[in-house]
Amino acid sequence: MPQQNETSHDTIMIGKIIVEQGLASQSQVEECIESWRDTGGQSIEDLAKMFVERDLVTFGQFKRVQKAASQHASQFEIPGYKMMEMLGAGAMAVVYRAKQVSLDRIVAVKVLPKKFLKDPEYIARFLAEGRAAAKLNHPNIVQAIDVGQSGESHYFVMEYVEGQSVHDRLQEGKYYDEKTALDIIIQTAEALAHAHEKGFIHRDVKPHNIMITKKGIAKLADMGLARQMSDEKAALEEEGKAYGTPYYISPEQIRGRADIDFRADIYGLGATFYHMITGKVPFDGATPKDVMKRHLKEPLVPPDHIMPNVSAHVSEVIEVMMAKERKERYPSTRDLLADLRAVAAGEVPMQAHKTFDLGSLAGAEANTKSAVVDFSEGIKAMEQTPLIAQPIFWILVASGILNIVLLICVIMLWMG
Ligand SMILES: Nc1ncnc2c1ncn2[C@@H]1O[C@H](COP(=O)(O)OP(=O)(O)OP(=O)(O)O)[C@@H](O)[C@H]1O
Ligand SMILES: [Mg+2]
(Lines give C-alpha, C1' and ligand atoms only; values in the text may rest on other atoms or scores of the structure.)
(Ligands and ions follow the chains in the order given, each with its own letter.)
Protein backbone atom coordinates (compact mmCIF):
# COMPACT_ATOMS: atom_id res chain seq x y z
CA MET A 1 0.00 0.00 0.00
CA PRO A 2 1.53 3.28 -1.02
CA GLN A 3 2.15 6.05 1.49
CA GLN A 4 -0.72 8.49 1.33
CA ASN A 5 1.25 11.72 1.45
CA GLU A 6 0.57 14.65 -0.83
CA THR A 7 2.63 13.32 -3.67
CA SER A 8 1.87 9.60 -3.49
CA HIS A 9 -0.82 9.51 -6.19
CA ASP A 10 1.37 11.37 -8.66
CA THR A 11 4.30 9.13 -7.79
CA ILE A 12 2.43 5.91 -8.53
CA MET A 13 1.12 7.25 -11.80
CA ILE A 14 4.54 8.57 -12.81
CA GLY A 15 6.09 5.18 -12.09
CA LYS A 16 3.36 3.40 -14.05
CA ILE A 17 3.73 5.66 -17.08
CA ILE A 18 7.54 5.31 -17.04
CA VAL A 19 7.14 1.52 -17.13
CA GLU A 20 4.41 1.67 -19.77
CA GLN A 21 6.55 3.87 -21.99
CA GLY A 22 9.40 1.37 -21.72
CA LEU A 23 11.76 3.93 -20.16
CA ALA A 24 12.55 1.66 -17.21
CA SER A 25 11.54 -1.68 -15.78
CA GLN A 26 9.03 -2.14 -12.96
CA SER A 27 11.80 -3.13 -10.52
CA GLN A 28 13.99 -0.13 -11.49
CA VAL A 29 11.03 2.19 -10.89
CA GLU A 30 10.20 0.52 -7.59
CA GLU A 31 13.82 0.77 -6.42
CA CYS A 32 13.93 4.44 -7.36
CA ILE A 33 10.68 5.30 -5.56
CA GLU A 34 11.77 3.29 -2.51
CA SER A 35 15.07 5.23 -2.30
CA TRP A 36 13.18 8.48 -2.69
CA ARG A 37 10.83 7.52 0.14
CA ASP A 38 13.80 6.44 2.29
CA THR A 39 15.23 9.93 1.98
CA GLY A 40 11.96 11.53 3.08
CA GLY A 41 10.02 11.47 -0.22
CA GLN A 42 9.07 15.12 0.02
CA SER A 43 9.27 16.71 -3.43
CA ILE A 44 8.67 15.50 -6.96
CA GLU A 45 11.83 17.37 -8.00
CA ASP A 46 13.89 15.05 -5.76
CA LEU A 47 12.18 12.08 -7.37
CA ALA A 48 13.05 13.42 -10.82
CA LYS A 49 16.71 13.69 -9.73
CA MET A 50 16.69 10.07 -8.58
CA PHE A 51 15.45 8.89 -11.99
CA VAL A 52 17.92 11.09 -13.88
CA GLU A 53 20.90 10.10 -11.69
CA ARG A 54 20.18 6.47 -12.51
CA ASP A 55 20.14 7.28 -16.24
CA LEU A 56 16.56 6.04 -16.55
CA VAL A 57 15.05 9.25 -17.95
CA THR A 58 16.10 12.78 -18.85
CA PHE A 59 14.62 15.78 -17.02
CA GLY A 60 12.60 16.53 -20.18
CA GLN A 61 11.13 13.04 -20.27
CA PHE A 62 10.31 13.21 -16.57
CA LYS A 63 8.45 16.53 -17.02
CA ARG A 64 6.33 15.06 -19.83
CA VAL A 65 5.54 11.97 -17.76
CA GLN A 66 4.66 14.15 -14.76
CA LYS A 67 2.27 16.21 -16.88
CA ALA A 68 0.56 13.07 -18.20
CA ALA A 69 0.22 11.73 -14.65
CA SER A 70 -1.41 14.88 -13.27
CA GLN A 71 -3.78 15.09 -16.23
CA HIS A 72 -4.85 11.54 -15.62
CA ALA A 73 -5.84 12.35 -12.04
CA SER A 74 -7.49 15.71 -12.60
CA GLN A 75 -9.44 14.88 -15.74
CA PHE A 76 -11.62 12.33 -14.11
CA GLU A 77 -14.89 13.30 -12.44
CA ILE A 78 -17.98 11.35 -11.43
CA PRO A 79 -21.17 13.13 -10.46
CA GLY A 80 -21.86 12.53 -6.77
CA TYR A 81 -18.26 11.68 -5.88
CA LYS A 82 -15.37 13.90 -4.83
CA MET A 83 -12.19 12.33 -6.18
CA MET A 84 -9.25 12.27 -3.77
CA GLU A 85 -5.79 10.73 -4.07
CA MET A 86 -4.74 7.71 -6.09
CA LEU A 87 -4.51 4.48 -4.10
CA GLY A 88 -2.78 2.30 -6.62
CA ALA A 89 -2.63 1.12 -10.18
CA GLY A 90 -2.86 -2.39 -11.53
CA ALA A 91 -2.31 -3.55 -15.08
CA MET A 92 -5.73 -2.50 -16.31
CA ALA A 93 -6.93 0.30 -14.10
CA VAL A 94 -6.18 3.05 -11.61
CA VAL A 95 -7.85 3.12 -8.19
CA TYR A 96 -8.63 6.37 -6.36
CA ARG A 97 -9.92 7.21 -2.93
CA ALA A 98 -13.07 9.28 -3.17
CA LYS A 99 -15.91 10.63 -1.09
CA GLN A 100 -19.47 9.61 -1.93
CA VAL A 101 -21.09 12.96 -1.24
CA SER A 102 -24.68 11.81 -0.60
CA LEU A 103 -23.72 9.34 2.11
CA ASP A 104 -20.62 11.24 3.27
CA ARG A 105 -18.51 8.10 3.16
CA ILE A 106 -15.10 7.20 1.76
CA VAL A 107 -15.11 4.76 -1.15
CA ALA A 108 -12.61 3.43 -3.69
CA VAL A 109 -13.16 4.14 -7.39
CA LYS A 110 -11.59 2.02 -10.05
CA VAL A 111 -11.24 3.77 -13.39
CA LEU A 112 -10.76 1.68 -16.50
CA PRO A 113 -8.70 2.92 -19.41
CA LYS A 114 -10.43 4.46 -22.40
CA LYS A 115 -9.47 1.60 -24.69
CA PHE A 116 -12.27 -0.47 -23.14
CA LEU A 117 -14.81 1.88 -24.70
CA LYS A 118 -14.01 0.44 -28.08
CA ASP A 119 -15.55 -2.92 -27.28
CA PRO A 120 -19.34 -2.56 -26.77
CA GLU A 121 -19.72 -6.21 -25.82
CA TYR A 122 -17.17 -5.84 -23.05
CA ILE A 123 -18.80 -2.66 -21.76
CA ALA A 124 -22.22 -4.32 -21.63
CA ARG A 125 -20.74 -7.22 -19.66
CA PHE A 126 -18.79 -4.87 -17.36
CA LEU A 127 -21.94 -2.91 -16.51
CA ALA A 128 -24.12 -6.00 -16.08
CA GLU A 129 -21.60 -7.82 -13.89
CA GLY A 130 -20.93 -4.70 -11.84
CA ARG A 131 -24.63 -4.25 -11.11
CA ALA A 132 -25.03 -7.91 -10.24
CA ALA A 133 -21.96 -7.82 -7.96
CA ALA A 134 -23.45 -4.89 -6.05
CA LYS A 135 -26.17 -7.33 -4.92
CA LEU A 136 -23.59 -9.61 -3.31
CA ASN A 137 -23.14 -8.91 0.35
CA HIS A 138 -20.53 -10.68 2.42
CA PRO A 139 -18.07 -9.54 5.09
CA ASN A 140 -15.15 -11.05 3.15
CA ILE A 141 -16.03 -9.48 -0.20
CA VAL A 142 -15.09 -5.89 -1.05
CA GLN A 143 -18.58 -4.46 -1.46
CA ALA A 144 -19.38 -3.28 -4.99
CA ILE A 145 -21.36 -0.05 -4.82
CA ASP A 146 -21.81 1.44 -8.25
CA VAL A 147 -20.74 1.10 -11.83
CA GLY A 148 -21.04 3.46 -14.77
CA GLN A 149 -19.51 5.73 -17.35
CA SER A 150 -18.30 9.28 -17.00
CA GLY A 151 -16.92 11.13 -19.98
CA GLU A 152 -14.68 8.74 -21.76
CA SER A 153 -14.03 6.38 -18.87
CA HIS A 154 -15.84 3.61 -17.12
CA TYR A 155 -15.69 3.30 -13.37
CA PHE A 156 -16.46 0.84 -10.62
CA VAL A 157 -17.17 2.17 -7.13
CA MET A 158 -16.48 -0.11 -4.19
CA GLU A 159 -16.00 -0.24 -0.45
CA TYR A 160 -12.73 1.41 0.60
CA VAL A 161 -10.45 -1.02 2.42
CA GLU A 162 -7.86 0.51 4.68
CA GLY A 163 -5.07 -1.99 4.93
CA GLN A 164 -2.59 -3.97 2.93
CA SER A 165 -3.02 -6.55 0.20
CA VAL A 166 -1.47 -10.01 0.58
CA HIS A 167 0.66 -9.10 -2.45
CA ASP A 168 2.01 -5.97 -0.70
CA ARG A 169 3.25 -8.12 2.15
CA LEU A 170 4.72 -10.82 -0.08
CA GLN A 171 6.51 -8.14 -2.08
CA GLU A 172 8.20 -6.95 1.08
CA GLY A 173 9.78 -10.41 1.18
CA LYS A 174 7.66 -11.54 4.13
CA TYR A 175 5.73 -14.73 3.96
CA TYR A 176 3.04 -16.09 6.24
CA ASP A 177 3.14 -18.69 8.99
CA GLU A 178 0.77 -21.58 8.34
CA LYS A 179 -1.81 -20.50 10.93
CA THR A 180 -2.14 -16.92 9.66
CA ALA A 181 -2.22 -18.08 6.03
CA LEU A 182 -4.92 -20.65 6.81
CA ASP A 183 -7.00 -17.97 8.52
CA ILE A 184 -6.80 -15.68 5.46
CA ILE A 185 -7.44 -18.52 3.01
CA ILE A 186 -10.48 -19.71 5.01
CA GLN A 187 -11.95 -16.19 4.98
CA THR A 188 -11.32 -15.90 1.23
CA ALA A 189 -12.85 -19.34 0.64
CA GLU A 190 -15.93 -18.16 2.59
CA ALA A 191 -16.19 -15.21 0.20
CA LEU A 192 -15.82 -17.51 -2.80
CA ALA A 193 -18.34 -20.05 -1.50
CA HIS A 194 -20.89 -17.25 -1.14
CA ALA A 195 -20.15 -15.87 -4.62
CA HIS A 196 -20.15 -19.33 -6.24
CA GLU A 197 -23.51 -20.15 -4.69
CA LYS A 198 -24.87 -16.95 -6.25
CA GLY A 199 -23.46 -17.88 -9.65
CA PHE A 200 -20.34 -15.67 -9.68
CA ILE A 201 -16.90 -16.83 -10.73
CA HIS A 202 -14.08 -14.47 -9.78
CA ARG A 203 -11.52 -15.65 -12.41
CA ASP A 204 -8.66 -13.62 -10.94
CA VAL A 205 -8.03 -14.87 -7.41
CA LYS A 206 -4.51 -13.77 -6.49
CA PRO A 207 -2.61 -12.04 -3.65
CA HIS A 208 -3.23 -8.58 -5.22
CA ASN A 209 -6.96 -9.10 -4.86
CA ILE A 210 -7.00 -10.17 -1.22
CA MET A 211 -6.89 -7.16 1.05
CA ILE A 212 -6.42 -7.39 4.80
CA THR A 213 -8.00 -4.75 7.02
CA LYS A 214 -6.27 -3.42 10.10
CA LYS A 215 -8.43 -5.79 12.17
CA GLY A 216 -7.21 -8.81 10.18
CA ILE A 217 -10.37 -9.30 8.09
CA ALA A 218 -9.65 -10.62 4.59
CA LYS A 219 -11.61 -8.95 1.77
CA LEU A 220 -11.68 -10.33 -1.73
CA ALA A 221 -11.51 -7.48 -4.27
CA ASP A 222 -12.59 -7.17 -7.90
CA MET A 223 -15.52 -9.56 -7.64
CA GLY A 224 -17.69 -9.01 -10.67
CA LEU A 225 -15.12 -7.20 -12.74
CA ALA A 226 -15.40 -8.70 -16.18
CA ARG A 227 -12.21 -9.55 -18.03
CA GLN A 228 -12.12 -8.18 -21.51
CA MET A 229 -9.99 -10.71 -23.30
CA SER A 230 -9.32 -14.38 -22.94
CA ASP A 231 -7.00 -14.89 -19.98
CA GLU A 232 -4.18 -16.16 -22.14
CA LYS A 233 -4.37 -13.20 -24.46
CA ALA A 234 -4.58 -10.77 -21.55
CA ALA A 235 -1.57 -12.30 -19.85
CA LEU A 236 0.51 -12.38 -23.02
CA GLU A 237 -0.39 -8.82 -23.93
CA GLU A 238 0.73 -7.66 -20.54
CA GLU A 239 4.10 -9.35 -20.93
CA GLY A 240 6.75 -7.47 -18.99
CA LYS A 241 4.26 -5.27 -17.18
CA ALA A 242 3.12 -5.36 -13.59
CA TYR A 243 0.37 -7.94 -14.19
CA GLY A 244 2.70 -9.72 -16.55
CA THR A 245 3.30 -13.13 -15.24
CA PRO A 246 0.29 -15.36 -14.76
CA TYR A 247 1.37 -16.99 -11.51
CA TYR A 248 -2.07 -17.90 -10.26
CA ILE A 249 -4.03 -18.72 -13.41
CA SER A 250 -5.70 -22.13 -13.83
CA PRO A 251 -4.75 -24.50 -16.67
CA GLU A 252 -8.26 -24.32 -18.14
CA GLN A 253 -8.08 -20.50 -18.32
CA ILE A 254 -4.73 -20.78 -20.08
CA ARG A 255 -6.34 -23.16 -22.57
CA GLY A 256 -9.02 -20.52 -23.14
CA ARG A 257 -11.91 -22.79 -22.22
CA ALA A 258 -15.25 -21.05 -22.43
CA ASP A 259 -16.83 -22.99 -19.55
CA ILE A 260 -14.71 -21.65 -16.70
CA ASP A 261 -16.30 -22.57 -13.36
CA PHE A 262 -15.68 -22.27 -9.61
CA ARG A 263 -12.79 -24.72 -9.85
CA ALA A 264 -10.68 -22.05 -11.60
CA ASP A 265 -11.07 -19.93 -8.44
CA ILE A 266 -10.08 -22.90 -6.27
CA TYR A 267 -6.88 -23.24 -8.34
CA GLY A 268 -6.11 -19.50 -8.01
CA LEU A 269 -6.70 -19.67 -4.26
CA GLY A 270 -4.45 -22.75 -4.04
CA ALA A 271 -1.65 -20.95 -5.91
CA THR A 272 -2.09 -17.95 -3.59
CA PHE A 273 -1.95 -20.22 -0.52
CA TYR A 274 1.22 -21.84 -1.92
CA HIS A 275 2.91 -18.46 -2.36
CA MET A 276 1.84 -17.28 1.10
CA ILE A 277 3.40 -20.19 3.00
CA THR A 278 6.48 -20.86 0.88
CA GLY A 279 7.34 -17.32 -0.25
CA LYS A 280 7.54 -18.73 -3.78
CA VAL A 281 5.08 -18.84 -6.64
CA PRO A 282 4.16 -22.41 -7.62
CA PHE A 283 5.49 -22.06 -11.18
CA ASP A 284 8.08 -19.49 -12.18
CA GLY A 285 9.64 -18.71 -15.54
CA ALA A 286 11.43 -16.09 -17.60
CA THR A 287 8.32 -15.15 -19.58
CA PRO A 288 4.54 -15.43 -19.05
CA LYS A 289 4.54 -18.16 -21.68
CA ASP A 290 7.05 -20.23 -19.69
CA VAL A 291 4.96 -19.86 -16.54
CA MET A 292 1.79 -20.87 -18.38
CA LYS A 293 3.48 -23.92 -19.90
CA ARG A 294 4.48 -25.02 -16.41
CA HIS A 295 0.95 -24.61 -15.08
CA LEU A 296 -0.15 -26.94 -17.87
CA LYS A 297 2.56 -29.58 -17.77
CA GLU A 298 4.98 -29.38 -14.87
CA PRO A 299 4.24 -31.39 -11.74
CA LEU A 300 3.75 -29.21 -8.68
CA VAL A 301 6.55 -29.35 -6.12
CA PRO A 302 4.57 -29.98 -2.92
CA PRO A 303 4.85 -26.99 -0.58
CA ASP A 304 6.14 -29.17 2.29
CA HIS A 305 9.09 -30.16 0.08
CA ILE A 306 10.06 -26.49 -0.14
CA MET A 307 9.32 -25.52 3.43
CA PRO A 308 9.78 -28.45 5.81
CA ASN A 309 7.73 -26.71 8.49
CA VAL A 310 4.63 -26.75 6.28
CA SER A 311 2.36 -29.56 7.45
CA ALA A 312 1.59 -32.57 5.24
CA HIS A 313 -2.12 -31.81 5.62
CA VAL A 314 -1.87 -28.26 4.28
CA SER A 315 0.36 -29.52 1.51
CA GLU A 316 -2.19 -32.14 0.58
CA VAL A 317 -5.06 -29.63 0.48
CA ILE A 318 -3.03 -27.33 -1.80
CA GLU A 319 -2.19 -30.21 -4.12
CA VAL A 320 -5.89 -31.02 -4.52
CA MET A 321 -6.73 -27.33 -5.01
CA MET A 322 -4.07 -27.10 -7.71
CA ALA A 323 -4.73 -30.39 -9.53
CA LYS A 324 -4.19 -29.76 -13.24
CA GLU A 325 -7.40 -31.57 -14.14
CA ARG A 326 -10.27 -29.69 -12.56
CA LYS A 327 -12.27 -32.88 -11.92
CA GLU A 328 -9.50 -33.82 -9.47
CA ARG A 329 -9.99 -30.63 -7.46
CA TYR A 330 -12.62 -30.08 -4.79
CA PRO A 331 -16.14 -30.85 -5.98
CA SER A 332 -17.42 -27.67 -4.29
CA THR A 333 -16.06 -24.68 -2.44
CA ARG A 334 -17.91 -25.86 0.69
CA ASP A 335 -15.96 -29.15 0.52
CA LEU A 336 -12.76 -27.13 0.34
CA LEU A 337 -13.87 -25.10 3.37
CA ALA A 338 -14.58 -28.28 5.33
CA ASP A 339 -11.00 -29.43 4.73
CA LEU A 340 -9.47 -26.05 5.49
CA ARG A 341 -11.36 -25.95 8.78
CA ALA A 342 -10.35 -29.53 9.59
CA VAL A 343 -6.69 -28.73 8.98
CA ALA A 344 -6.97 -25.56 11.08
CA ALA A 345 -8.33 -27.77 13.90
CA GLY A 346 -5.39 -30.17 13.51
CA GLU A 347 -7.53 -32.86 11.87
CA VAL A 348 -7.20 -34.88 8.66
CA PRO A 349 -8.52 -33.19 5.46
CA MET A 350 -11.05 -35.93 4.63
CA GLN A 351 -12.39 -34.32 1.44
CA ALA A 352 -8.91 -34.15 -0.09
CA HIS A 353 -8.62 -37.91 0.35
CA LYS A 354 -12.05 -38.53 -1.12
CA THR A 355 -11.51 -36.19 -4.06
CA PHE A 356 -8.25 -37.81 -4.87
CA ASP A 357 -9.81 -41.29 -4.70
CA LEU A 358 -12.57 -40.26 -7.11
CA GLY A 359 -10.03 -38.67 -9.44
CA SER A 360 -8.02 -41.88 -9.67
CA LEU A 361 -11.13 -43.98 -10.22
CA ALA A 362 -12.16 -41.71 -13.08
CA GLY A 363 -8.91 -42.58 -14.80
CA ALA A 364 -7.60 -39.06 -14.50
CA GLU A 365 -4.53 -38.03 -16.41
CA ALA A 366 -1.06 -38.69 -15.02
CA ASN A 367 -1.25 -37.58 -11.44
CA THR A 368 1.34 -35.36 -9.92
CA LYS A 369 0.56 -36.07 -6.32
CA SER A 370 3.38 -36.50 -3.84
CA ALA A 371 4.31 -39.70 -2.12
CA VAL A 372 2.67 -38.30 1.00
CA VAL A 373 -0.71 -38.23 -0.74
CA ASP A 374 -0.31 -41.69 -2.21
CA PHE A 375 0.62 -43.11 1.15
CA SER A 376 -2.20 -41.52 3.12
CA GLU A 377 -4.59 -42.41 0.34
CA GLY A 378 -3.75 -46.08 0.87
CA ILE A 379 -4.47 -45.77 4.55
CA LYS A 380 -7.73 -44.01 3.78
CA ALA A 381 -8.74 -46.74 1.36
CA MET A 382 -8.14 -49.29 4.11
CA GLU A 383 -10.21 -47.26 6.54
CA GLN A 384 -13.11 -46.83 4.17
CA THR A 385 -13.43 -50.38 2.78
CA PRO A 386 -15.87 -52.53 4.83
CA LEU A 387 -14.08 -55.28 6.73
CA ILE A 388 -15.95 -58.01 4.85
CA ALA A 389 -14.58 -56.68 1.54
CA GLN A 390 -10.94 -56.76 2.64
CA PRO A 391 -8.80 -59.84 1.67
CA ILE A 392 -7.32 -60.00 5.15
CA PHE A 393 -10.82 -60.76 6.51
CA TRP A 394 -11.19 -63.82 4.28
CA ILE A 395 -7.64 -65.04 4.98
CA LEU A 396 -8.40 -64.97 8.72
CA VAL A 397 -11.75 -66.76 8.20
CA ALA A 398 -10.10 -69.48 6.05
CA SER A 399 -7.27 -70.04 8.49
CA GLY A 400 -9.80 -70.23 11.35
CA ILE A 401 -11.81 -72.94 9.49
CA LEU A 402 -8.58 -74.83 8.67
CA ASN A 403 -7.56 -74.77 12.34
CA ILE A 404 -10.96 -76.15 13.42
CA VAL A 405 -10.79 -78.96 10.79
CA LEU A 406 -7.23 -79.84 11.92
CA LEU A 407 -8.34 -79.85 15.57
CA ILE A 408 -11.25 -82.21 14.77
CA CYS A 409 -8.88 -84.54 12.85
CA VAL A 410 -6.40 -84.58 15.75
CA ILE A 411 -9.22 -85.34 18.26
CA MET A 412 -10.61 -88.14 16.03
CA LEU A 413 -7.14 -89.68 15.57
CA TRP A 414 -6.50 -89.50 19.31
CA MET A 415 -9.86 -91.06 20.16
CA GLY A 416 -9.73 -93.78 17.83
N1 LIG B 1 -11.33 -1.33 -2.50
C2 LIG B 1 -10.09 -0.85 -2.37
N3 LIG B 1 -9.74 -0.15 -1.27
C4 LIG B 1 -8.49 0.35 -1.12
N5 LIG B 1 -7.48 0.18 -2.02
C6 LIG B 1 -7.76 -0.52 -3.14
C7 LIG B 1 -9.07 -1.08 -3.38
N8 LIG B 1 -9.04 -1.74 -4.55
C9 LIG B 1 -7.80 -1.59 -5.03
N10 LIG B 1 -7.01 -0.87 -4.18
C11 LIG B 1 -5.59 -0.51 -4.37
O12 LIG B 1 -5.39 -0.22 -5.74
C13 LIG B 1 -4.37 -1.05 -6.28
C14 LIG B 1 -4.70 -1.36 -7.72
O15 LIG B 1 -5.80 -2.23 -7.80
P16 LIG B 1 -6.17 -2.98 -9.14
O17 LIG B 1 -7.31 -3.89 -8.85
O18 LIG B 1 -6.33 -2.00 -10.23
O19 LIG B 1 -4.88 -3.79 -9.51
P20 LIG B 1 -4.27 -5.10 -8.86
O21 LIG B 1 -5.36 -5.92 -8.24
O22 LIG B 1 -3.13 -4.71 -7.95
O23 LIG B 1 -3.64 -5.83 -10.10
P24 LIG B 1 -4.37 -6.32 -11.44
O25 LIG B 1 -4.46 -5.14 -12.34
O26 LIG B 1 -3.47 -7.36 -11.93
O27 LIG B 1 -5.72 -6.85 -11.03
C28 LIG B 1 -4.33 -2.26 -5.38
O29 LIG B 1 -3.08 -2.87 -5.39
C30 LIG B 1 -4.68 -1.67 -4.02
O31 LIG B 1 -3.51 -1.16 -3.41
MG1 LIG C 1 -7.37 -5.82 -8.09
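The values are calculated or read from the model by the stated rules, or taken from the named source; none is laboratory data. Please read these numbers as outputs of a predicted model, since none were measured by experiment. So basically every Cβ, Gly included, is an ideal-geometry build from the backbone, and we count neighbours across all protein chains shown.
State whether the residues of the range 24-35 include one that is more than 24 Å from Ala93 (Cα to Cα), more than 27 Å from the chain's Cα centre (by Cα) and surrounded by 14 or more Cβ atoms within 10 Å (Cβ to Cβ).
Scanning the range 24-35 turns up at least one residue that is more than 24 Å from Ala93 (Cα to Cα), more than 27 Å from the chain's Cα centre (by Cα) and surrounded by 14 or more Cβ atoms within 10 Å (Cβ to Cβ).
Of the listed requirements (1) within 27 Å of Phe76 (Cα to Cα); (2) away from ligand 2 (no atom under 16 Å from the Cβ), His138 misses just one: (1). Within this structure, Asp265 passes the test of being surrounded by 24 or more Cβ atoms within 10 Å (Cβ to Cβ) and either at pLDDT below 95 or of a type in the set (D, E, K, R) (or both). For the range 148-170, the set of residues classified as among the hydrophobic types (A, V, I, L, M, F, W, C) and within 18 Å of Met86 (Cα to Cα) consists of Phe156, Val157, Met158, Val161, listed by residue number.
Out of all the residues in the range 158-184, which are of a type in the set (A, V, I, L, M) and either within 16 Å of ligand 2 (Cβ to nearest atom) or within 16 Å of Thr213 (Cβ to Cβ) (or both)? Even if it seems obvious, please write down each step before you answer.
Step one: of the range 158-184, the residues of a type in the set (A, V, I, L, M) are 158, 161, 166, 170, 181-182, 184.
Those that are of a type in the set (A, V, I, L, M) and either within 16 Å of ligand 2 (Cβ to nearest atom) or within 16 Å of Thr213 (Cβ to Cβ) (or both): Met158, Val161, Val166, Leu170, Ile184.
Note on the range 99-157: among residues that are more than 23 Å from His208 (Cα to Cα) and of a type in the set (A, V, I, L, M, F, W, C), the one that is surrounded by the most Cβ atoms within 10 Å (Cβ to Cβ) is Ile123.
Please work out if Ala258 is surrounded by fewer than 19 Cβ atoms within 10 Å (Cβ to Cβ) and more than 22 Å from Lys174 (Cα to Cα).
On the way: surrounded by fewer than 19 Cβ atoms within 10 Å (Cβ to Cβ): yes; more than 22 Å from Lys174 (Cα to Cα): yes.
For Ala258, the condition - surrounded by fewer than 19 Cβ atoms within 10 Å (Cβ to Cβ) and more than 22 Å from Lys174 (Cα to Cα) - is met.
For the range 312-339, a residue qualifies if it is of a type in the set (Asp, Glu) and touching a residue at least 40 places away in the same chain (Cβ under 8 Å), and the qualifying residues are Glu316, Glu319, Glu325. Looking only at residues in the range 188-215 that are over 21 Å from Phe126 (Cα atoms) and within 16 Å of ligand 1 (Cβ to nearest atom), the one that is surrounded by the most Cβ atoms within 10 Å (Cβ to Cβ) is Thr188.
Looking at the structure I just gave you, is Glu298 surrounded by fewer than 16 Cβ atoms within 10 Å (Cβ to Cβ) and either at pLDDT 95 or above or not assigned by TED's automatic domain parsing to the domain that holds Asp183 (or both)?
Answer is yes for this residue.
Would you check if Glu121 is of a type in the set (Asp, Glu), out of contact with any helix residue (DSSP H, G or I) (no Cβ under 6 Å at 6 or more places or on another chain) and modelled with pLDDT of 90 or more? So that I can check it myself, show each step before the final result.
Details: of a type in the set (Asp, Glu): yes; out of contact with any helix residue (DSSP H, G or I) (no Cβ under 6 Å at 6 or more places or on another chain): yes; modelled with pLDDT of 90 or more: no.
So Glu121 does not fit the description; no.
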